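Peer 1: For reference, the structure I am asking about is given below.
The values are calculated or read from the model by the stated rules, or taken from the named source; none is laboratory data. Keep in mind it's a predicted model, so treat the numbers as computed, not measured. Using ideal geometry, Cβ is built from the backbone for each residue, glycine included, and neighbour counts are taken over all protein chains shown. Ligands, DNA and RNA are stripped out before the accessible areas are found, and what is left, the full protein with its side chains, is counted by its heavy atoms. Shrake-Rupley method; radii C 1.70, N 1.55, O 1.52, S 1.80 Å.
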Amino acid sequence: MNNIAIELRGIDKSFGLVHANRNINLRVRKGTIHGIIGENGAGKSTLMSILYGFYQADNGEILVDGKPVSIRDPNAAISVGIGMVHQHFMLVENFTVLENVMLGAEDSQILNKGIAKARQELKRLEKEYALEVNPDALIEELPVGLQQRVEILKALYRRADILILDEPTGVLTPAEADHLFRILGQLKAQGKTIILITHKLREIMAITDEVSVMRRGEMVATRTTRETSVEELAELMVGRRVLLRVEKGESNPGDVKLAVQGLTVKDSRGVTMVDTVSFEVRAGEIVGIAGVAGNGQSELLEAIAGIRRAASGTVLLNGKPVDVTGNADPAELRDRGLAHVPEDRHHVGLVLKFEECENAILGYHHDRRFANGMFLNIDAIRKDAEEKIAKYDIRPPNARLRTANFSGGNQQKVVLAREMERDPDVLIIGQPTRGVDVGAIEFIHKRIIEMRDQGKAVLLVSVELDEIRSLSDRILVMFAGRVVGERSPEATEGELGLLMAGVEGRKEAAE
Amino acid sequence: MSTPYAKLPGWVEYGLIPLINLAVAFLVAGLVVLLVGENPLEAAYHLINGAFGRGEYIGFTLYYATTFIFTGLAVAVAFHAGLFNIGGEGQAYVGGIGVALACLWLDQTMPWYVVFPLAIVGSAFFGALWAFLPGWLQAKRGSHIVITTIMFNFIASSLMVYLLTRVLKPLGSMAPQTRTFAEGGQLPKLDWLLSIFGLNIGTAPFNISFLLALAAAFAVWLLIWRTRLGYEMRTMGHSPSAARYAGISESRITVIAMMISGGLAGMMALNPIMGEQFRMQLDFVQGAGFVGIAVALMGRSHPGGIIPAAILFGVLYQGGAEIAFEMPSISRDMIVIIQGLVILFAGALENMFRPAITRAFAARGQRAAAVVQTKGA
């Protein structure tokens, strides 16, 4: 009896000079949840893309149920029973659940016949796997957790026996994530095989049976989850011991540096994204804003930084008003002591096609140090970039290298070095460690605490609740554009999770 | 992963790949010549001989190249700011007004070296003005610059017909053109430059505006890579959201970049008006504004690439005319086909051979790495 659902033998894949997968061997047993972890750029996504037919391996073979298969495209993957739930959902927003599930598997030219069949099949699947969802609901009206469920249903509808989930909890609240894990447990019980890709060690420990670790394109270890530990896995991922807990002393708050009063921000369609938000950040403290992505945190940061116009409200920087409802100029705010590490370093914080040293002056290119009249002082710019590279251990240490060629962690360090080394009074940071490898996370967290201890006012937004809890001195929770509560970092994850889901907050607001 | 193609050495990126693209373009062009029943090798001979065979031919090649350097730079400057200026044709045409006004005013009383600087300023001013309007419409009203610049080409064309038939034409003349300029409105030829190489310029209109074009190329390089303004333009060109984050005003950069672009396009008018015809005629631009797009594409919007690309198109113009003359079954339109093929392979399909070349270099890199490893062990 063969109990291996899927086996990879010697998978190798290069993109030009980048060797993304090196001689990967992997066996996933039938009816198990198999975790794959690794830092960003370790090659997890490439490997799964090969398995799902987006890329072809240069070498090696794939065996499904012991038989070698050739997976040329996603259709071939589906036909051998491999289904994928992508990190970014592949759903048609203005279609119903039913229409999305049958999309691409309509079975006949005349839709009506197919619809009736699909509806029946969907009902059966819902019952069998306890995946309730209204088949006639529009996708755009469903919460993220349910949209993900539709993705899973899509795969099951195509009779997938092996499900690949790529970073499935990135967009979920803790409660939704728990629910997902229960669903995965149910699927496992029904004999499905699940491959879970994540960089969150806690999830691996919570639900997987076995776990494989990737590092720099290689599969460095496979462990039985029960017999390993978070510390061991972290070490395997990074290749050295890492400090997972952030060490910090008591905060010592001083004067109010940033005061936000009744700030309201609307998006281009006039929908209120930030709803009369008020708070203060004092010198020497870190205020964290927790919340599920998309609850107004991004818009709040952008409005404070002068990138997005606010509808109403005031912001005081060092006691002086910022023209947030008019023409706040990010360049002027920088001069007044505001530094901003944006959430999206690829499109906002950096110009990926620039040389590293060019990005090291983005926003500060008017600075006297970097300019002689209308000309740039190239020597000064390069020298300054090299100093920052040394101080922040940016690798490779080459100020002339294109920024796109740095890893996510090193790109983030370029942004952090630029913003932190300006000695700002107020530092606002969005998603400081998104897509950043474990080793760099440690470094970045230390630097943020150092900024606090130097008496800077730090406003931190992150969707990683662990990060918020370990760095912040005070935590504000945002839900649907409002601050629904303030907690100390000692608050339990459950308590914060309820606030983030809008459950507790509504009660609190009503009282 | 995020970068499907790894970085190649500079000489491959900027030397080998364009050369391969060019070679393929000429191969396909050769096939076309074969199809009309002519000998491609003979055509190639006429092309090369027609462009370089004599001092006079070289003079013509460089005369055309001068024009294309200006229009290529114009497209490149806008392109660095993320703006696709298709209006070089109209901007060059209107730029002619500045040249003509300076010459008509002073040509009989002043020497060329007094008129020339004024004509430069005039051409750049009128060219910039013609680009300012689409730039301003884009910045303030969101009207797309590709559409507006195309429209402004047509407006320029009508405007110039009006000016040349009603306003600038001397009384009693039948031709839609200004009067012929006196000596003050005629640029000196660069015969001395060619004679250094022992070449005789003959009747070729190769003139001092070539040196101005080279100076403009250097100035554009300085602007784009060495000034704060250039830095802001490039930031906006690569990522408007990063520019907003950096406090760079999108509307300010749009208007300024378009004006610089239009100014450069306008300066193109100096070459035919003061350098060849000594008067402003109808349609003197003759599509050079559009060729500038191809030149900028091929030269990768870098002055160091635009100059050779402009010379290549000079060769195609001058040598192509020679082919049409020597081989009657190859018409003028065939030459346009060949030029089109060059644009197709060097511009639109420039990445066609890149994956294969990258793979070849990756294999080489791995072998080199393996050698290092065995040595280390």
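Peer 1: Using a 1.4 angstrom probe, figure out how much accessible area the protein assembly as shown has per residue, in square angstrom, rounded to the nearest whole. Spell out each step's value before the answer.
Peer 2: Working: 38990 Å² over 888 residues.
Accessible area per residue: 44 Å².
Peer 1: With a 1.4 Å probe on protein heavy atoms only, work out how much accessible surface A and B bury together, total over both chains, in Å² to the nearest 100. Don't skip to the answer; put the middle values down first.
Peer 2: Details: alone 23780 and 18170 Å², together 38990 Å².
Between A and B, the summed buried area is about 3000 Å².
Peer 1: Something else about it: Give the residue from A:Ile110, A:Thr314, A:Met478 lying farthest towards the positive end of the charge dipole for chain A; charges sit on Cβ (+1 for Lys and Arg, -1 for Asp and Glu) and the dipole is referred to the Cα centre.
Peer 2: Of the candidates, A:Ile110 comes out farthest on the positive side.
Peer 1: Further question: Rounded to the nearest Å, what's the spacing between the alpha carbon centres of segment B:146-204 and segment B:267-339? Just the number, please.
Peer 2: Here the answer is 15 Å between Cα centres.
Peer 1: Something else now. Run down the aspartates and glutamates and flag those whose C-alpha is under 15 Å from the C-alpha of A:Lys320, throwing out any fewer than 8 positions away in its chain.
Peer 2: Within the straight-line cut-off, A:Lys320 pairs with A:Asp255, A:Glu280, A:Asp329, A:Glu332, A:Asp335, A:Asp425.
Peer 1: Next question. Per DSSP helix of 4 or more residues, -39500 (n - 2.57); summed, then divided by the residues of chain A. What does that give at 222 nm, rounded to the nearest 500? Provide the component values of the computation, followed by the final result.
Peer 2: Numbers: 17 runs with 169 residues, N = 511.
That calculation yields -9500 deg cm²/dmol at 222 nm.
Peer 1: While we're here: May I ask you to evaluate 6.51 cos²θ - 1.76 cosθ + 1.60, the Karplus curve with θ = phi - 60°, for each residue of segment A:319-336 and list the ³J(HN,Hα) values in order in whole Hz, giving x for glycine and proline?
Peer 2: With the stated coefficients, segment A:319-336 comes to x, 10, x, 10, 7, 5, 8, x, 10, 5, 10, x, 5, 5, 5, 4, 4, 8 Hz.
Peer 1: Express in Å², to the nearest 10, the accessible area of B:Ser123 obtained by rolling a 1.4 Å probe over the protein heavy atoms while all chains stay in place.
Peer 2: Taking all protein chains as shown, B:Ser123 has close to 0 Å².
Peer 1: Along the Cα-to-Cβ line of B:Val36, 7 Å from the Cα, sits a label point; which residues in segment B:306-320 have backbone N less than 17 Å from it?
Peer 2: B:316-320
Peer 1: Measure up A:Lys44/A:Lys67; A:Lys117/A:Lys188; A:Lys383/B:Lys140; A:Lys13/A:Lys353; A:Lys13/A:Lys127 against 32 Å on the Cα-Cα distance and list the ones that go over. Can you show the working numbers first?
Peer 2: Values: A:Lys44/A:Lys67 23 Å; A:Lys117/A:Lys188 26 Å; A:Lys383/B:Lys140 39 Å; A:Lys13/A:Lys353 25 Å; A:Lys13/A:Lys127 41 Å.
A:Lys383/B:Lys140; A:Lys13/A:Lys127, as the Cα separations exceed 32 Å there.
Peer 1: Could I get the Rg over Rh figure for segment B:56-328? Both from C-alpha atoms, Rh via Kirkwood, rounded to two places.
Peer 2: Values: Rg = 18.5 Å, Rh = 18.7 Å.
Ratio of gyration radius to Kirkwood radius: 0.99.
Peer 1: Residue farthest toward the positive end of the dipole of chain B, with Cβ of Lys/Arg at +1 and Asp/Glu at -1: which of B:Ala288, B:Leu194, B:Phe218?
Peer 2: In chain B, that residue is B:Phe218.
Peer 1: Please list, or write none, the lysines whose alpha carbon is within less than 28 Å of the alpha carbon of A:Lys248, excluding same-chain residues fewer than 8 places away.
Peer 2: Here the lysines satisfying the reach criterion relative to A:Lys248 are A:Lys200, A:Lys257, A:Lys388, A:Lys391, A:Lys413, A:Lys446, A:Lys456.
Peer 1: Defining a contact as two alpha carbons under 8 Å apart and six or more residues distant in sequence, what relative contact order in percent does chain B show? Working shown, then result.
Peer 2: Working: 648 pairs, mean separation 127.6, N = 377.
Reported relative contact order: 34 percent.
Peer 1: Mean separation of Cα pairs under 8 Å and 6+ residues apart, divided by the residue count of chain A: what relative contact order is that in percent? Could you put the intermediate results ahead of the total?
Peer 2: Numbers: 1030 pairs, mean separation 74.2, N = 511.
The normalised contact order for chain A reaches 15 percent.
Peer 1: Now for a different question. Taking the inverse of the average 1/r across all pairs of different Cα atoms in segment A:199-262, what Kirkwood radius in Å do you get?
Peer 2: Details: mean 1/r = 0.0679 Å⁻¹.
Evaluated over segment A:199-262, this radius sits at 14.7 Å.
Peer 1: Measure nothing fancy, just the Cα-based angle from helix A:438-453's long axis to the longest principal axis of chain A, in degrees from 0 to 90, nearest 10.
Peer 2: Helix A:438-453 and the main axis of chain A meet at about 30 degrees.
Peer 1: Given the Cα atoms of the protein assembly as shown, and with Rh set as the inverse mean 1/r over their pairs in the Kirkwood sense, what is Rg to Rh to two decimals?
Peer 2: Here Rg/Rh amounts to 1.03.
Peer 1: Any chance you could get the radius of gyration and Dmax over the Cα atoms of chain A, in Å?
Peer 2: Spelled out, the Cα radius of gyration and Dmax of chain A are 24.5, 78 Å.
Peer 1: Residues of B:227-239, mean number of Cβ from any other protein chain within 10 Å of their own Cβ, rounded to a whole number? Before the final figure, lay out each step's value.
Peer 2: Values: counts 6, 11, 4, 3, 11, 2, 0, 4, 7, 1, 2, 6, 10.
Mean shielding count: 5.
Peer 1: Using the Cα centre of segment A:4-238 as the reference point, and only Cβ charges (+1 on K/R, -1 on D/E), how large is the resulting charge dipole? Debye, rounded to the nearest 20. Could you put the intermediate results ahead of the total?
Peer 2: Numbers: 28 positive and 32 negative charges, 134 e Å.
Using only the charged Cβ atoms, the result is roughly 640 debye.
Peer 1: Tell me which trypsin sites (Lys or Arg not before Pro) from segment A:9-108 have a DSSP coil assignment and no more than 12 other beta carbons within 10 Å of their own. Working shown, then result.
Peer 2: Details: sites: A:Arg9, A:Lys13, A:Arg22, A:Arg27, A:Arg29, A:Lys30, A:Lys44, A:Arg72; in loops: A:Lys30, A:Arg72.
Listed in order of number, the matching sites are A:Arg72.
Peer 1: Then there's this: On the principal axes of its Cα set, how long, how wide and how thick is segment B:158-315? Give whole Å, largest value first.
Peer 2: The principal-axis extents, from largest down, are 59, 46, 26 Å.
Peer 1: Can you give the % of DSSP beta bridges in chain A that are antiparallel, to the nearest 5? Show your work: numbers first, answer last.
Peer 2: On the way: 46 of 83 bridges.
Of the beta bridges lying entirely in chain A, close to 55 percent run antiparallel.
Peer 1: Let me ask you something else. Based only on Cα atoms, what mean projected area does the convex hull of segment A:226-353 have, in nm²?
Peer 2: Values: hull surface 48.5 nm².
Averaging across all directions leaves 12.1 nm² for the Cα convex hull.
Peer 1: Using only Cα atoms, find the angle between the long axis of helix A:111-129 and the longest principal axis of chain A, and express it within 0 to 90 degrees, rounded to the nearest 10.
Peer 2: 80
Peer 1: What FRET efficiency do you get for B:Arg359 and A:Asp466 if R0 is 45 Å and r is their Cβ-Cβ distance, rounded to the nearest 0.05? Each step should come with its number before you reach the end.
Peer 2: On the way: r = 42 Å, r/R0 = 0.94.
That pair, B:Arg359 with A:Asp466, gives E of 0.60.
Peer 1: Now a separate question. Write down the Å³ per residue value for the convex hull defined by the alpha carbon atoms of segment A:152-217. Walk me through the numbers on the way to the answer.
Peer 2: Working: hull volume 6.8 nm³, N = 66.
About 104 Å³ per residue, rounded to a whole number.
Peer 1: Given a 1.4 Å probe and heavy atoms of the protein chains only, how would you sort B:Tyr113, A:Tyr55, largest accessible area at the top? Spell out each step's value before the answer.
Peer 2: Working: B:Tyr113 145, A:Tyr55 75 Å².
The most accessible residue leads, giving B:Tyr113, A:Tyr55.
Peer 1: Report A:His346's accessible area, 1.4 Å probe, all protein chains in place, as a number in Å² to the nearest 10.
Peer 2: The accessible area comes out at roughly 80 Å².
Peer 1: If a paramagnetic tag sat 7 Å from the Cα of B:Asp283 along the Cα-Cβ line, which residues of segment B:92-125 would have the backbone N under 20 Å from that point?
Peer 2: Under cut-off, by backbone N: B:92-97.
Peer 1: Oh, and also: Per residue of B:242-254, count partner chain C-beta atoms within 10 Å of its C-beta, then hand back the mean as an integer. Display every interim value, and only then the final one.
Peer 2: Details: counts 14, 5, 7, 16, 13, 16, 7, 3, 0, 0, 0, 0, 0.
Taking all residues of B:242-254 together, the mean is 6.
Peer 1: Mind checking the angle between helix A:378-391 and chain A's longest principal axis? C-alpha axes, 0 to 90 degrees, to the nearest 10.
Peer 2: 60
Peer 1: Can you run the Rg to Rh ratio on segment A:4-238? Use alpha carbon positions and the Kirkwood inverse-distance Rh.
Peer 2: 0.97
Peer 1: If amide hydrogens are placed 1.01 Å from N in the peptide plane, which non-local residues have theirs closer than 5 Å to the one on A:Ile6?
Peer 2: Those lying under 5 Å, H to H, from A:Ile6 are A:Val28, A:Asp65.
Peer 1: Per-residue counts of other Cβ atoms within 10 Å, averaged by peptide: what ranking do you get for A:351-357, A:84-90, A:457-463, highest first? Walk me through the intermediate numbers first.
Peer 2: Values: A:351-357: 20.7, A:84-90: 16.1, A:457-463: 25.6.
Descending mean neighbour count gives A:457-463, A:351-357, A:84-90.
Peer 1: Cα centroid distance between segment B:92-107 and segment A:79-101, in Å?
Peer 2: Segment B:92-107 and segment A:79-101 have Cα centres separated by 64 Å.
Peer 1: Accessible area of B:Trp221, 1.4 Å probe, to the nearest 10 Å²?
Peer 2: It works out to around 80 Å².
Peer 1: Show that you can apply the helix-only estimate: for chain B, add -39,500 (n - 2.57) for every DSSP H stretch of four or more residues, divide by all residues, and state [θ] at 222 nm to the nearest 500.
Peer 2: Here the helix-only value at 222 nm equals -22000 deg cm²/dmol.
Peer 1: In debye, nearest 20, what is the charge dipole magnitude of segment A:106-173 about its Cα centre with +1 on Lys and Arg Cβ and -1 on Asp and Glu Cβ, if you could check? Numbers along the way, then the final one.
Peer 2: Numbers: 10 positive and 13 negative charges, 78 e Å.
Dipole about the Cα centre, nearest 20: 380 debye.
Peer 1: Would you mind counting up the charge near A:Met90? Only other residues with Cβ under 12 Å from its Cβ, with Lys and Arg at +1 and Asp and Glu at -1. List each step's numbers first, then the result.
Peer 2: Numbers: positive: A:Lys154; negative: A:Glu93, A:Glu151, A:Asp166.
Taking every other residue near A:Met90 into account, the sum is -2.
Peer 1: Tally Lys and Arg at +1 and Asp and Glu at -1 over the other residues with C-beta under 13 Å from the C-beta of B:Gln277: what net charge comes out? Can you show the working numbers first?
Peer 2: Numbers: positive: B:Arg179, B:Arg279; negative: B:Glu276, B:Asp283.
Summing Lys/Arg as +1 and Asp/Glu as -1 gives 0.
Peer 1: With a 1.4 Å probe and all protein chains left in place, how much of the accessible area of segment A:4-238 comes from carbon and sulfur atoms, in whole percent? Please list the in-between numbers first.
Peer 2: On the way: 4920 of 10490 Å².
Accessible surface attributable to carbon and sulfur in segment A:4-238 totals 47 percent.
Peer 1: Here's something else I'd like to know. Quote the charge dipole size of chain B about the Cα centre in Debye, to the nearest 20; the model charges only the Cβ of Lys and Arg (+1) and of Asp and Glu (-1).
Peer 2: Working: 21 positive and 16 negative charges, 277 e Å.
The dipole of chain B has a size of about 1340 debye.
Peer 1: Among A:Val150, B:Leu62, A:Gly53, whose Cα lies farthest out toward the positive end of the dipole of the protein assembly as shown, if unit charges sit on the beta carbon of Lys, Arg (+1) and Asp, Glu (-1)?
Peer 2: Of the options given, the answer is B:Leu62.
Peer 1: Count the net charge of all other residues whose Cβ sits under 10 Å from the Cβ of B:Phe206, scoring Lys and Arg as +1 and Asp and Glu as -1.
Peer 2: Numbers: positive: B:Lys189; negative: B:Glu56, B:Asp191, B:Glu276.
Local charge sum for B:Phe206: -2.
Peer 1: Carbon and sulfur atoms: what percent of the 1.4 Å accessible area of chain B do they account for? It would help to have the intermediate numbers written out before the result.
Peer 2: On the way: 11240 of 16600 Å².
Here it works out to 68 percent.
Peer 1: Would you please give the FRET efficiency between B:Ile155 and B:Thr180, computed as 1/(1 + (r/R0)^6) with r the Cβ-Cβ distance and R0 = 30 Å, to the nearest 0.05?
Peer 2: Details: r = 28 Å, r/R0 = 0.92.
So, using R0 = 30 Å, E works out to roughly 0.65.
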